[in-house]
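The next block holds one structure in the form of structure tokens; read it before the comments.
Each reported figure results from applying straightforward, stated rules to the coordinates on display, with no laboratory input. For clarity, every value in this text was computed on a predicted model and none was experimentally measured. Note: ideal-geometry Cβ built from the backbone for every residue, glycine included; neighbour counts use all protein chains shown.
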């Protein structure tokens, strides 16, 4: 087995452990009463998990700027929509 394959497996296993731990944190936070901040914390944890998946499992980490643009523009629109929804919910 080459060193490159062993290194890749170690990285993927580390990312897997991080995803499992973030899932456990998500479950623990869901039992904590943070008021309206529960949604914000859950979205932040979900964003972190999605970033790990995109960067390592979808190999976005090694792509050029054009692919990054295609990946980040929809995320920016999603953030805008979520921000508008949260602001509207908090001001009611």
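Data for the structure
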{"quantity": "Some residue of the range 11-21 being surrounded by 13 or more Cβ atoms within 10 Å (Cβ to Cβ) and either touching a residue at least 40 places away in the same chain (Cβ under 8 Å) or not in a helix (DSSP H, G or I) (or both)", "calculated": "yes"}
{"quantity": "Every residue from the range 51-71 that is surrounded by 12 or more Cβ atoms within 10 Å (Cβ to Cβ) and assigned to a helix (DSSP H, G or I)", "calculated": "51, 52, 53, 54, 55, 56, 57, 60, 67, 68, 71"}
